[in-house]
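> Here you go, one structure.
The values are calculated or read from the model by the stated rules, or taken from the named source; none is laboratory data. The shown structure was predicted, so the numbers you read here are calculated from the model rather than taken from an experiment. All Cβ positions, even for glycine, are placed from backbone atoms using ideal geometry, and neighbour counts span all protein chains on display. Areas reflect the complete protein model, heavy atoms only, side chains present, ligands, DNA and RNA absent. Shrake-Rupley method; radii C 1.70, N 1.55, O 1.52, S 1.80 Å.
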Amino acid sequence: MTFERAMVILFTKVAQTVIAERFTHTFFDNDGNRVRKVFAYLFSVFIAIFVNLFFHKPIFNFLSIFLGLSAIALSYNGTIKRKCIFVFYILAVSCLIDLVVSAFLIKPFGYDGYSAFVSIFALLLLHAAQLITERFFGNNLGIELNNRYWLFIIASLLVCIISSIVIFMDKTVSSFSLSLVCGAFLLVNIIISYLMDDLVKSSQKALENQALRDQVSSYEREIMLQNENMEALRSFRHDMKRHFAEISVLASTGEIGQIKNYVSAMENNLVESR
(Lines give C-alpha, C1' and ligand atoms only; values in the text may rest on other atoms or scores of the structure.)
Protein backbone atom coordinates (compact mmCIF):
# COMPACT_ATOMS: atom_id res chain seq x y z
CA MET A 1 0.00 0.00 0.00
CA THR A 2 1.73 3.16 -1.23
CA PHE A 3 1.16 6.64 0.16
CA GLU A 4 -0.19 7.74 -3.22
CA ARG A 5 -2.85 5.02 -3.23
CA ALA A 6 -3.82 5.80 0.37
CA MET A 7 -4.34 9.48 -0.50
CA VAL A 8 -6.40 8.54 -3.55
CA ILE A 9 -8.62 6.27 -1.45
CA LEU A 10 -9.07 8.97 1.21
CA PHE A 11 -9.91 11.63 -1.37
CA THR A 12 -12.35 9.49 -3.38
CA LYS A 13 -14.24 8.22 -0.34
CA VAL A 14 -14.57 11.67 1.19
CA ALA A 15 -15.71 13.09 -2.15
CA GLN A 16 -18.15 10.20 -2.55
CA THR A 17 -19.66 10.95 0.86
CA VAL A 18 -19.91 14.67 0.05
CA ILE A 19 -21.76 13.89 -3.18
CA ALA A 20 -24.07 11.56 -1.23
CA GLU A 21 -24.78 14.48 1.12
CA ARG A 22 -25.78 16.57 -1.87
CA PHE A 23 -28.16 13.81 -2.97
CA THR A 24 -29.93 14.18 0.39
CA HIS A 25 -31.05 17.69 -0.65
CA THR A 26 -33.35 16.03 -3.19
CA PHE A 27 -34.62 13.08 -1.15
CA PHE A 28 -34.95 14.54 2.35
CA ASP A 29 -35.78 17.76 4.13
CA ASN A 30 -32.93 19.43 5.96
CA ASP A 31 -34.00 18.17 9.36
CA GLY A 32 -32.99 15.49 11.81
CA ASN A 33 -30.47 15.29 14.61
CA ARG A 34 -27.24 17.09 13.65
CA VAL A 35 -25.05 14.89 15.86
CA ARG A 36 -26.59 11.77 14.34
CA LYS A 37 -25.84 13.09 10.85
CA VAL A 38 -22.20 13.78 11.72
CA PHE A 39 -21.72 10.26 13.07
CA ALA A 40 -23.44 8.81 9.99
CA TYR A 41 -21.14 10.64 7.57
CA LEU A 42 -18.04 9.77 9.60
CA PHE A 43 -19.12 6.11 9.64
CA SER A 44 -19.67 6.20 5.87
CA VAL A 45 -16.16 7.57 5.25
CA PHE A 46 -14.51 5.25 7.77
CA ILE A 47 -16.05 1.99 6.56
CA ALA A 48 -15.36 2.84 2.91
CA ILE A 49 -11.70 3.64 3.61
CA PHE A 50 -11.27 0.59 5.86
CA VAL A 51 -12.65 -1.81 3.25
CA ASN A 52 -10.57 -0.31 0.43
CA LEU A 53 -7.39 -0.49 2.51
CA PHE A 54 -7.72 -4.08 3.74
CA PHE A 55 -10.10 -5.77 1.29
CA HIS A 56 -9.73 -5.59 -2.46
CA LYS A 57 -12.77 -7.46 -3.72
CA PRO A 58 -15.52 -5.46 -5.48
CA ILE A 59 -18.26 -7.11 -3.43
CA PHE A 60 -16.79 -5.73 -0.19
CA ASN A 61 -16.50 -2.29 -1.74
CA PHE A 62 -20.15 -2.50 -2.78
CA LEU A 63 -21.20 -3.56 0.72
CA SER A 64 -19.24 -0.70 2.31
CA ILE A 65 -21.00 1.82 0.06
CA PHE A 66 -24.36 0.23 0.85
CA LEU A 67 -23.76 0.41 4.60
CA GLY A 68 -22.52 3.99 4.40
CA LEU A 69 -25.52 5.16 2.39
CA SER A 70 -27.87 3.30 4.74
CA ALA A 71 -26.33 5.05 7.75
CA ILE A 72 -26.73 8.43 6.04
CA ALA A 73 -30.35 7.69 5.12
CA LEU A 74 -31.21 6.60 8.68
CA SER A 75 -29.84 9.87 10.08
CA TYR A 76 -32.56 11.86 8.26
CA ASN A 77 -36.26 12.04 9.00
CA GLY A 78 -38.46 10.39 6.40
CA THR A 79 -40.30 7.25 5.45
CA ILE A 80 -38.56 3.90 5.02
CA LYS A 81 -39.61 3.92 1.36
CA ARG A 82 -37.88 7.24 0.69
CA LYS A 83 -34.74 6.09 2.50
CA CYS A 84 -34.62 2.89 0.45
CA ILE A 85 -35.09 4.87 -2.76
CA PHE A 86 -32.21 7.15 -1.74
CA VAL A 87 -29.84 4.22 -1.12
CA PHE A 88 -30.70 2.13 -4.18
CA TYR A 89 -30.91 5.13 -6.51
CA ILE A 90 -27.33 6.18 -5.71
CA LEU A 91 -26.13 2.57 -5.96
CA ALA A 92 -27.83 2.12 -9.32
CA VAL A 93 -26.44 5.37 -10.72
CA SER A 94 -22.94 4.51 -9.46
CA CYS A 95 -23.03 1.05 -11.02
CA LEU A 96 -24.30 2.47 -14.31
CA ILE A 97 -21.51 5.06 -14.37
CA ASP A 98 -18.88 2.37 -13.69
CA LEU A 99 -20.22 0.29 -16.59
CA VAL A 100 -20.25 3.29 -18.94
CA VAL A 101 -16.69 4.31 -18.01
CA SER A 102 -15.46 0.75 -18.42
CA ALA A 103 -17.23 0.17 -21.74
CA PHE A 104 -16.56 3.48 -23.49
CA LEU A 105 -13.30 4.71 -21.95
CA ILE A 106 -11.17 1.92 -20.54
CA LYS A 107 -11.70 -1.06 -22.86
CA PRO A 108 -11.53 0.82 -26.20
CA PHE A 109 -8.20 2.44 -25.34
CA GLY A 110 -6.70 -0.39 -23.29
CA TYR A 111 -5.13 1.87 -20.67
CA ASP A 112 -3.69 0.04 -17.67
CA GLY A 113 -2.64 1.54 -14.35
CA TYR A 114 -5.27 4.28 -14.41
CA SER A 115 -7.54 2.95 -11.66
CA ALA A 116 -7.14 6.13 -9.59
CA PHE A 117 -8.19 8.31 -12.52
CA VAL A 118 -11.13 6.02 -13.30
CA SER A 119 -12.38 6.27 -9.69
CA ILE A 120 -12.14 10.07 -9.63
CA PHE A 121 -13.64 10.44 -13.12
CA ALA A 122 -16.57 8.23 -12.08
CA LEU A 123 -17.16 10.59 -9.13
CA LEU A 124 -17.13 13.51 -11.54
CA LEU A 125 -19.91 11.83 -13.51
CA LEU A 126 -21.73 10.99 -10.26
CA HIS A 127 -21.64 14.66 -9.34
CA ALA A 128 -23.16 15.48 -12.73
CA ALA A 129 -25.89 12.89 -12.09
CA GLN A 130 -26.58 14.49 -8.70
CA LEU A 131 -27.02 17.92 -10.27
CA ILE A 132 -29.38 16.52 -12.91
CA THR A 133 -31.36 14.68 -10.22
CA GLU A 134 -31.64 17.82 -8.12
CA ARG A 135 -32.72 19.83 -11.15
CA PHE A 136 -35.56 17.53 -12.21
CA PHE A 137 -36.66 16.10 -8.85
CA GLY A 138 -35.76 18.87 -6.40
CA ASN A 139 -38.08 21.30 -4.60
CA ASN A 140 -37.08 24.51 -6.43
CA LEU A 141 -38.08 23.70 -10.00
CA GLY A 142 -40.00 26.91 -10.57
CA ILE A 143 -37.31 29.32 -9.46
CA GLU A 144 -35.73 31.00 -12.46
CA LEU A 145 -32.75 32.15 -10.41
CA ASN A 146 -31.94 28.61 -9.35
CA ASN A 147 -32.24 27.39 -12.95
CA ARG A 148 -29.73 29.96 -14.17
CA TYR A 149 -27.16 28.92 -11.57
CA TRP A 150 -27.79 25.26 -12.36
CA LEU A 151 -26.97 25.84 -16.04
CA PHE A 152 -23.72 27.56 -15.05
CA ILE A 153 -22.66 24.63 -12.83
CA ILE A 154 -23.56 22.04 -15.49
CA ALA A 155 -21.59 23.96 -18.14
CA SER A 156 -18.56 24.11 -15.85
CA LEU A 157 -18.85 20.40 -15.06
CA LEU A 158 -19.16 19.43 -18.72
CA VAL A 159 -16.02 21.40 -19.56
CA CYS A 160 -14.15 19.53 -16.81
CA ILE A 161 -15.44 16.13 -17.98
CA ILE A 162 -14.47 16.78 -21.60
CA SER A 163 -11.08 18.13 -20.55
CA SER A 164 -10.44 15.02 -18.44
CA ILE A 165 -11.27 12.73 -21.39
CA VAL A 166 -8.99 14.71 -23.72
CA ILE A 167 -6.11 14.56 -21.23
CA PHE A 168 -6.77 10.86 -20.64
CA MET A 169 -6.39 10.14 -24.36
CA ASP A 170 -2.97 11.80 -24.33
CA LYS A 171 -0.50 8.96 -23.72
CA THR A 172 2.23 11.31 -22.54
CA VAL A 173 0.39 12.23 -19.32
CA SER A 174 1.19 10.05 -16.32
CA SER A 175 -1.48 8.35 -14.22
CA PHE A 176 -0.65 10.43 -11.14
CA SER A 177 -0.80 13.75 -13.04
CA LEU A 178 -4.08 12.76 -14.69
CA SER A 179 -5.57 11.76 -11.34
CA LEU A 180 -4.39 15.02 -9.81
CA VAL A 181 -5.98 17.12 -12.56
CA CYS A 182 -9.26 15.19 -12.47
CA GLY A 183 -9.33 15.41 -8.66
CA ALA A 184 -8.82 19.17 -8.87
CA PHE A 185 -11.72 19.39 -11.35
CA LEU A 186 -13.95 17.41 -8.98
CA LEU A 187 -12.98 19.47 -5.92
CA VAL A 188 -13.52 22.79 -7.70
CA ASN A 189 -16.95 21.75 -9.00
CA ILE A 190 -18.10 20.54 -5.58
CA ILE A 191 -17.00 23.84 -4.03
CA ILE A 192 -18.78 25.78 -6.80
CA SER A 193 -21.97 23.78 -6.13
CA TYR A 194 -21.98 24.70 -2.45
CA LEU A 195 -21.16 28.34 -3.22
CA MET A 196 -24.00 28.47 -5.72
CA ASP A 197 -26.36 26.97 -3.14
CA ASP A 198 -25.45 29.74 -0.70
CA LEU A 199 -25.81 32.35 -3.43
CA VAL A 200 -29.27 31.06 -4.39
CA LYS A 201 -30.39 31.04 -0.75
CA SER A 202 -29.12 34.59 -0.15
CA SER A 203 -30.78 35.80 -3.37
CA GLN A 204 -34.06 34.16 -2.38
CA LYS A 205 -33.88 35.77 1.06
CA ALA A 206 -33.23 39.15 -0.57
CA LEU A 207 -36.28 38.69 -2.81
CA GLU A 208 -38.38 37.63 0.18
CA ASN A 209 -37.21 40.68 2.17
CA GLN A 210 -38.04 42.95 -0.76
CA ALA A 211 -41.51 41.42 -0.99
CA LEU A 212 -42.00 41.98 2.74
CA ARG A 213 -40.88 45.61 2.39
CA ASP A 214 -43.32 46.14 -0.46
CA GLN A 215 -46.09 44.57 1.60
CA VAL A 216 -45.28 46.81 4.59
CA SER A 217 -45.31 49.87 2.33
CA SER A 218 -48.71 48.82 0.99
CA TYR A 219 -50.03 48.43 4.53
CA GLU A 220 -48.66 51.87 5.45
CA ARG A 221 -50.40 53.47 2.46
CA GLU A 222 -53.63 51.73 3.37
CA ILE A 223 -53.38 52.91 6.97
CA MET A 224 -52.71 56.49 5.82
CA LEU A 225 -55.76 56.33 3.55
CA GLN A 226 -57.89 55.02 6.39
CA ASN A 227 -56.65 57.82 8.66
CA GLU A 228 -57.54 60.40 6.02
CA ASN A 229 -61.02 58.90 5.68
CA MET A 230 -61.49 58.94 9.46
CA GLU A 231 -60.40 62.58 9.60
CA ALA A 232 -62.85 63.48 6.82
CA LEU A 233 -65.60 61.62 8.68
CA ARG A 234 -64.86 63.51 11.91
CA SER A 235 -64.98 66.81 10.03
CA PHE A 236 -68.29 65.85 8.42
CA ARG A 237 -69.79 64.91 11.79
CA HIS A 238 -68.64 68.20 13.26
CA ASP A 239 -70.22 70.14 10.40
CA MET A 240 -73.48 68.20 10.68
CA LYS A 241 -73.69 68.93 14.41
CA ARG A 242 -73.22 72.63 13.67
CA HIS A 243 -75.89 72.55 10.94
CA PHE A 244 -78.37 70.74 13.17
CA ALA A 245 -77.77 73.28 15.93
CA GLU A 246 -78.36 76.16 13.53
CA ILE A 247 -81.58 74.58 12.20
CA SER A 248 -82.74 73.93 15.77
CA VAL A 249 -82.26 77.60 16.65
CA LEU A 250 -84.19 78.73 13.56
CA ALA A 251 -86.96 76.21 14.26
CA SER A 252 -87.33 77.45 17.83
CA THR A 253 -87.94 81.00 16.54
CA GLY A 254 -90.41 79.77 13.90
CA GLU A 255 -88.41 81.09 10.94
CA ILE A 256 -89.45 78.45 8.42
CA GLY A 257 -88.28 80.49 5.45
CA GLN A 258 -84.81 80.84 6.95
CA ILE A 259 -84.68 77.09 7.53
CA LYS A 260 -85.53 76.42 3.86
CA ASN A 261 -82.87 78.90 2.72
CA TYR A 262 -80.30 77.30 5.06
CA VAL A 263 -81.07 73.78 3.86
CA SER A 264 -80.89 74.96 0.24
CA ALA A 265 -77.49 76.50 0.92
CA MET A 266 -76.35 73.24 2.48
CA GLU A 267 -77.43 71.33 -0.63
CA ASN A 268 -75.53 73.75 -2.87
CA ASN A 269 -72.40 73.32 -0.75
CA LEU A 270 -72.67 69.54 -0.97
CA VAL A 271 -73.06 69.69 -4.76
CA GLU A 272 -70.03 71.98 -5.11
CA SER A 273 -67.87 69.77 -2.86
CA ARG A 274 -68.32 66.66 -5.04
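> Determine if the stretch 87-96 includes at least one residue that is touching a helix residue (DSSP H, G or I) at 6+ places or on another chain (Cβ under 7 Å) and open to solvent by 30 Å² or more (accessible area, probe 1.4 Å).
The answer is no; no qualifying residue exists.
> Quick one: count up the residues across the stretch 13-41 that are part of a helix (DSSP H, G or I) and open to solvent by less than 30 Å² (accessible area, probe 1.4 Å).
Total meeting the criteria: 12.
> A further question follows. If Gly257 satisfies every condition in (1) part of a helix (DSSP H, G or I); (2) surrounded by 10 or more Cβ atoms within 10 Å (Cβ to Cβ) but one, which is the exception?
(2)
> Show the residue pairs that are 6+ apart or on different chains and have beta-carbon atoms under 6 Å apart, the first residue being within the stretch 62-78 and β-branched (Val, Ile, Thr), the second being in a helix (DSSP H, G or I).
Between residues of the stretch 62-78 that are β-branched (Val, Ile, Thr) and residues that are in a helix (DSSP H, G or I), the close pairs are Ile72/Ala20; Ile72/Ala40; Ile72/Ser44.
> Taking Leu145 as the residue in question, decide whether it is modelled with pLDDT of 90 or more, not in a loop (DSSP other than H, G, I, E, B) and not hydroxyl-bearing (Ser, Thr, Tyr). Lay out the reasoning, then the answer.
Numbers: modelled with pLDDT of 90 or more: no; not in a loop (DSSP other than H, G, I, E, B): yes; not hydroxyl-bearing (Ser, Thr, Tyr): yes.
No, not satisfied.
> Residues in the stretch 201-211: is at least one surrounded by 10 or more Cβ atoms within 10 Å (Cβ to Cβ), under 45 Å from the mean Cα position of the chain (by Cα) and of a type in the set (Lys, Arg)?
There is at least one residue in the stretch 201-211 that is surrounded by 10 or more Cβ atoms within 10 Å (Cβ to Cβ), under 45 Å from the mean Cα position of the chain (by Cα) and of a type in the set (Lys, Arg).
> With respect to Leu178, is the statement that it is under 30 Å from Ile161 (Cα atoms), part of a helix (DSSP H, G or I), in contact with a Phe, Trp or Tyr (Cβ under 7 Å, 6 or more places away or on another chain) and among the hydrophobic types (A, V, I, L, M, F, W, C) true?
When the stated conditions are applied, Leu178 passes them.
> If Leu10 satisfies all but one of (1) free of Cβ contacts under 8 Å to residues at least 24 places away in the same chain; (2) open to solvent by 60 Å² or more (accessible area, probe 1.4 Å), what's the number of the condition it fails?
The failed condition is (1).
Each row is one residue, and each column tells you yes or no for (1) in contact with a helix residue (DSSP H, G or I) (Cβ under 9 Å, 6 or more places away or on another chain); (2) β-branched (Val, Ile, Thr).
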site: Val188; (1), (2): yes, yes
site: Ile192; (1), (2): yes, yes
site: Asp197; (1), (2): yes, no
site: Ser202; (1), (2): no, no
site: Leu207; (1), (2): yes, no
site: Leu212; (1), (2): no, no
site: Gln215; (1), (2): no, no
site: Ser218; (1), (2): no, no
site: Met224; (1), (2): no, no
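> Follow-up question, since we're still on this one. Do you know which of the residues in the stretch 50-64 that are of a type in the set (A, V, I, L, M, F, W, C) and open to solvent by 30 Å² or more (accessible area, probe 1.4 Å) is modelled with the lowest pLDDT?
Taking the stretch 50-64 and keeping what is of a type in the set (A, V, I, L, M, F, W, C), we get 50-51, 53-55, 59-60, 62-63.
In the following step, the residues that additionally are open to solvent by 30 Å² or more (accessible area, probe 1.4 Å) were identified as 50, 53-55, 59-60, 62-63.
On the way: Phe50: 90, Leu53: 84, Phe54: 84, Phe55: 81, Ile59: 88, Phe60: 89, Phe62: 89, Leu63: 92.
The qualifying residue modelled with the lowest pLDDT is Phe55.
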